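J.: Let me begin by handing over the structure; questions about it come next.
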Amino acid sequence: MLLFALGFLLAILQPSTGQFPRVCANTQSLLSKECCPPWEGDGSPCGELSSRGSCQNILLSQAPLGPQFPFSGVDDREEWPSVFYNRTCRCEGNFMGYNCGECKFGFSGLNCSERQVKTRRNIFQLATSEKNKFLAYLNLAKNIPSQEYVIATGTYTQMNNGSNPMFRDISVYDLFVWMHYYASRDTLLGGSNVWRDIDFAHEAPGFLPWHRAFLLMWERQIQKITGDENFTIPYWDWRDAEDCGVCNDEYMGGRHPTNPNLLSPASIFSSWQVICTRSEEYNSQQALCSATSEGPIRRNPGNNDKSRTPRLPSSADVEFCLSLTQYESGSMDKTANYSFRNTLEGFADPQTAISNPLQSGLHNALHIYMNGSMSQVQGSANDPIFVLHHAFVDSIFERWLRRHRPMLEVYPAANAPIGHNRENYMVPFIPLYRNGEFFKPSRELGYDYAYLQEPALDSFQDFLTPYLQQARQIWAWLVGAAVFGGVVTAVLTRQMRACWKKKAGNSSEIQPLLIESEDYNNITYQSSF
C-alpha cells in the first residue's frame, strides 16, 4: 500500500536534480550549445521575468591543472560542461536548478527565503516505521523512471557533434549510479586505448565536496518523488564495528543461504539489478555504460583481502585523521602525505597520514570490506549501503570543518588534478556546481548530523566560544582579582579623600572635584564575560 501511494505521487511531483535535463537532450540544444529551459512559473527561460535567473555564457576556470592528465580535447568531461553546452541558466539569490525553478540547499518557501536545517540520523536510531519507510523509498527510487533527466549513451563525437543525440531513460536511483560511474570512468582514447589515471570525483581535493553535493541531490530527489520534504539520509557509524551491522534482512540485506556472494532472498535488495560494472567491456568497445542490467548486487562482507584491509576503521583512526590540519598537500592526488582528504579517502595510513598504495583505510576500507559490487569504484553506488557509508564519511568531513574552520582559500585554486580546482564545475552535474561551493559547514547547506548537533549560535558567539571556555577555567582567579582590585581601590580612595580634605582646609581657592565625595560610594568594579 505504501509503495502504491508513493508511486501515485510520481504523477504530480517532478525530480529536480540530475545529469542531462530531458528538455536539453535534443539536436537543437546540442547544436546551439544552450540549455536554458523555461521556468513553469512564468514561462520565461530561467524564470527571467520573475528575476529568478537568466541565460548566461558559462564562465570556465582558467587556473592551471596538475600533470596527472597529459591530454587536451579528448574527453567530454574536460572543462565541463562546455563540450555539450556553453550557455546555461545562472540563478539569482537563493534560486537553483537547471531552469532556476528550485531553492538552494538549505532554503525553502515560494521565494526560497526560509532557512531550514534538517537532521541526518544514525540508521540504528530510527524507529521501525522510519527505517521501513527509508527502505521503501529506496525501492521506489529504483523502480521509478526519472521524469526530467536522461543519461548519455554515447560520447559527443559518437553523437556526431550533437546532430545525432544518444540518450536514454533511467530510474531515479540508477541515475545516481550512472553519474557516479560517469565521473570516475576512464578516458576513451580511440582504438583499444584508454587513460585510467583520471577521476573527477575521487583521488583529489574534490572527493569530499563532490560526494557532499551528490548526497544532497540524492536526498532532494527522494524528497521530490515521495513528497516527504522532511526526509534525510541516515548514516551508518562504522567506527569500531566488528562486522557489517547493516548486512541483515532487517536493514540492507543479509547473506544468501547458499551463495555467500549474493543477498538473502528475504531482502528487497536481492531483486535489484546493477548497472555500469563492466568497465573493461566498455573500454574495449570504446563505449559508455548504457545502464542495461548486469546481474544482481554482489556482497560478501568480511571475506576480503585481509592484507589490504585487515579490519574496519576504528575511532582512533578517525580521531587521528581529524587532527590533520592540512586539507590537501603535495601533488593533491592519492600519493599526498599529511593530507586530511587523502587520509579520510583511504589512500594514506590512518595512523601516520603517509600514502600507502598497498593498504586501504577509512573510506576505502569500507568499500573493500564489502567485497562485492561496492568494491569497484565505477559501480559502487549500486549497493544501497553506499549512501549510508558516504553520509558518515561526510559527517567526518563536517567534524573537520567545524574543528579547523578553514577559509575557502584552503581549498586549492590551482594545480589540482583535472576537474578538482576550486572553481571547476563538478562532473557531470547540471545544474552546475563548483567544488568550492560545498567546502562549507553543512548547516549552511541545510542539514546537520544528530551526533554533531550543538545549540544554534550566531557567528559572533561562535567567535567568542573558545574565549568563554578559557574564562571558565580561570574564573576563580578573575573573581579574586576583581575583589582584590576593589579592596585596593577602596583603600586608595580613602587616602585620597583624607588628603583632599587636608588641602581644602589649607586653601579656599582649590575647586571641588567634578564628582562629589558621596558619589564615590556608588562606583563599582565588575568583571564579566
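The values are calculated or read from the model by the stated rules, or taken from the named source; none is laboratory data. On a predicted model such as this, the values are computed, not experimentally measured, just so you know. Every residue, glycine among them, receives a Cβ derived from its backbone with ideal geometry; neighbour counts consider all protein chains shown. Accessible surface is based on the protein model in full, side chains and every heavy atom, while ligands, DNA and RNA are left aside. Shrake-Rupley method; radii C 1.70, N 1.55, O 1.52, S 1.80 Å.
J.: Explain nothing, just compute: Karplus ³J(HN,Hα) = 6.51 cos²θ - 1.76 cosθ + 1.60, θ = phi - 60°, for every residue of the range 377-382 in order, whole Hz, x for Gly and Pro.
T.: Result, ordered by residue: 3, 4, x, 5, 6, 4 Hz.
J.: So how do S82, S51, S380, S163 rank on accessible area, 1.4 Å probe, biggest first, that is with the largest at the start? Could you put the intermediate results ahead of the total?
T.: Working: S82 30, S51 85, S380 0, S163 55 Å².
So, going from the largest accessible area down, we get S51, S163, S82, S380.
J.: Moving to a separate point now. Could you calculate, for the range 199-288, the ratio of the Cα radius of gyration to the Kirkwood radius, expressed as Rg to Rh? Before the final figure, lay out the partial values.
T.: Numbers: Rg = 17.2 Å, Rh = 16.7 Å.
Reported Rg/Rh (Cα atoms, Kirkwood Rh): 1.03.
J.: Ignoring ligands, DNA and RNA, please state the percent of accessible area on the range 108-220 from carbon and sulfur, probe 1.4 Å. Walk me through the numbers before you get to the answer.
T.: On the way: 1740 of 3960 Å².
Answer for the range 108-220: carbon and sulfur cover 44 percent of the accessible area.
J.: Still on this structure, I have one more. Applying 1/(1 + (r/R0)^6) with R0 = 30 Å to the Cβ-Cβ distance of S284 and E250, what FRET efficiency is obtained, to the nearest 0.05?
T.: Working: r = 41 Å, r/R0 = 1.37.
The formula returns an efficiency of 0.15 here.
J.: Explain nothing, just the number: relative contact order of the range 279-397, from Cα pairs under 8 Å at least 6 residues apart, as a whole percent. Mind dumping the intermediate values first?
T.: On the way: 179 pairs, mean separation 29.1, N = 119.
Computed value for the range 279-397: 24 percent relative contact order.
J.: Related question: Name the residues of the range 50-80 whose amide N is less than 14 Å from a point 7 angstrom out from the Cα of A414 along the C-beta direction?
T.: Counting only backbone N, you get 61-67.
J.: Give a residue-ordered list of calculated ³J(HN,Hα) values for the range 344-359 (Karplus: 6.51 cos²θ - 1.76 cosθ + 1.60, θ = phi - 60°; whole Hz; x for Gly, Pro).
T.: Calculated HN-Hα couplings, in order: 5, 5, x, 8, 10, 4, x, 10, 10, 6, 8, 4, 9, x, 8, 9 Hz.
J.: Something else now. Are there any GluC sites (Glu not before Pro) in the range 178-265 that are in a DSSP loop and have at most 10 other Cβ atoms within 10 Å? List them by number.
T.: Values: sites: E203, E219, E229, E242, E250; in loops: E203, E229, E242, E250.
Passing both the DSSP loop test and the Cβ count: E242.
J.: Restricting attention to the alpha-carbon atoms of the range 283-340, what are Rg (one decimal) and Dmax (integer), both in Å?
T.: Using the Cα atoms of the range 283-340, the pair Rg, Dmax is 18.3, 46 Å.
J.: Where the centre of each part is set by its Cα atoms, how far does the range 51-82 sit from the range 248-302, in angstrom?
T.: 34 Å
J.: Near the amide H of V194, under 5 Å away, which other amide H atoms are found, from residues 5 or more places off or on another chain, if H is placed in the peptide plane?
T.: L189
J.: Also: Run the Debye formula on the Cα coordinates of the range 156-315, all scatterers equal and no solvent, and tell me log10 I(q)/I(0) at q = 0.11, 0.15, 0.17 1/Å.
T.: -0.63, -1.18, -1.44
J.: With labels modelled as points extended 7 Å from the Cα through the Cβ direction, what inter-label distance (nm, one decimal) is found for S271 paired with S192?
T.: Each label point is offset 7 Å from its Cα along the Cβ direction, giving 4.1 nm.
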